[in-house]
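Peer 1: Here it is, the structure in full.
The values are calculated or read from the model by the stated rules, or taken from the named source; none is laboratory data. Just so you know, these numbers come straight off a predicted model, no measurement behind them. As a convention, Cβ positions derive from the backbone with ideal geometry for all residues, glycine included, and neighbour counts pool all protein chains shown. In case anyone asks, the SASA skips ligands and DNA or RNA and just uses the protein heavy atoms, side chains included. Shrake-Rupley method; radii C 1.70, N 1.55, O 1.52, S 1.80 Å.
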Amino acid sequence: MSSEHGRRTADGSGASGSSGDERPASGAEFHDLRFVVISGPSGSGKTTIVERLLTQSPVKLVKSVSATTRSPRPHEVPGVDYHFLTPAEFQARRERGEFLEAAQVHSSGHWYGTLKSEVRHARELGGWSLLEIDVQGAREVMRQCPQALSFFVRTPSEADLERRLRSRGTESDEVIRMRLETAQRELAEATCYHHQVVNHSLEDAVREMVGHLVQWERSSND
Ligand code: 5GP
């Protein structure tokens, strides 16, 4: 096992203790770091895939713990699942240039973002920074960090996506409708990613992605 997903400091400043960054957002600082960007509609299974990759990838991956203004769900642990910030804290940190990217997701009014401190943490651990982010964030990371390897995870069909969302039994019809609409918009951007992974089965999807990671590592070491 070569991954890292440990508990982080509550303010998202990372184990290194670095807490701020006055510089403007720029991927140049991270030109020497590899990124793995994973997006996909809610219900596509990307979160489970990420968990598997963190334990099964032969390439060392360090998951970036995102910041968000949404409230924690019952099972979520601050600093592990997300850094939960108030809207004011989020915007203050955004203005200080602490985010590599930040976006309002799902038309819900909630902000999500990748803290530069999380990315630095991956570098300190000698791993690749794994970002599970939406299409807006992915677009921004790919723009700033052209060395990023990107995956878009999708279900075999839209009907499958709806079935998966409904089978969770946790969301209202209204939320499901909104997520399906968001999915339509996200699917339209799938071709911007290096690889589209159809999640027929978890094992196959993970195996396929590990194959791409290994190949990518080899090709950039050549
Ligand atoms: P959830 O609230 O269900 O955990 O996540 C909702 C969406 O936010 C998902 O599509 C997820 O990929 C996206 N997301 C999570 N973290 C980030 C982030 O740091 N930046 C961006 N742009 N999107 C994120």
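Peer 1: Which residues, counting only those in segment 135-163, are among the acidic types (Asp, Glu) and at pLDDT 95 or above? Steps first, please.
Peer 2: Of all residues in segment 135-163, those among the acidic types (Asp, Glu) come to 140, 158, 160, 162.
Listed by number, the list holds a single entry, GLU140.
Peer 1: Being aliphatic (A, V, I, L, M) and surrounded by fewer than 22 Cβ atoms within 10 Å (Cβ to Cβ) is the requirement here; does LEU125 meet it?
Peer 2: yes
Peer 1: While we're looking at this one, here's another question. Kindly indicate which of ALA122, ALA102 is within 9 Å of the ligand (Cβ to nearest atom), of a type outside the set (Asp, Glu) and within 16 Å of the chain's Cα centre (by Cα).
Peer 2: ALA102
Peer 1: Of everything in segment 107-142, what is more than 23 Å from GLN184 (Cβ to Cβ) and not in a strand (DSSP E or B)? Give them in sequence order.
Peer 2: LYS116, SER117, GLU118, VAL119, ARG120, HIS121, ALA122, ARG123, GLU124, LEU125, GLY126, GLY127
Peer 1: Out of segment 88-99, which residues are closer than 27 Å to ALA183 by Cα and either within 12 Å of the ligand (Cβ to nearest atom) or basic (Lys, Arg) (or both)?
Peer 2: PHE90, ARG94, PHE99 - these are the residues of segment 88-99 that are closer than 27 Å to ALA183 by Cα and either within 12 Å of the ligand (Cβ to nearest atom) or basic (Lys, Arg) (or both).
Peer 1: Anything in segment 135-186 that is open to solvent by less than 50 Å² (accessible area, probe 1.4 Å) and charged (D, E, K, R)? List them, or say none.
Peer 2: The answer is ASP160, GLU171, ARG179, GLU186.
Peer 1: For segment 29-43, what are the residues that are of a type in the set (A, V, I, L, M) and more than 13 Å from the ligand (Cβ to nearest atom)?
Peer 2: LEU33, VAL36
Peer 1: Let me ask something else. Among the residues in segment 187-205, are any under 13 Å from the mean Cα position of the chain (by Cα), among the hydrophobic types (A, V, I, L, M, F, W, C) and open to solvent by 10 Å² or more (accessible area, probe 1.4 Å)?
Peer 2: Among the residues of segment 187-205, not one is under 13 Å from the mean Cα position of the chain (by Cα), among the hydrophobic types (A, V, I, L, M, F, W, C) and open to solvent by 10 Å² or more (accessible area, probe 1.4 Å), which makes the answer no.
Peer 1: Being of a type in the set (S, T, N, Q) and open to solvent by 40 Å² or more (accessible area, probe 1.4 Å) is the filter here, so list the residues in segment 91-122 that pass it. Let's see the steps before the verdict.
Peer 2: If we filter segment 91-122 for residues that are of a type in the set (S, T, N, Q), which is where we start, we get 91, 104, 107-108, 114, 117.
Of everything in segment 91-122, those that are of a type in the set (S, T, N, Q) and open to solvent by 40 Å² or more (accessible area, probe 1.4 Å) turn out to be GLN91, GLN104, SER107, SER108.
Peer 1: Looking only at segment 53-73, how many residues end up being of a type outside the set (Val, Ile, Thr), surrounded by fewer than 19 Cβ atoms within 10 Å (Cβ to Cβ) and more than 13 Å from the ligand (Cβ to nearest atom)?
Peer 2: Matching residues across segment 53-73 total 4.
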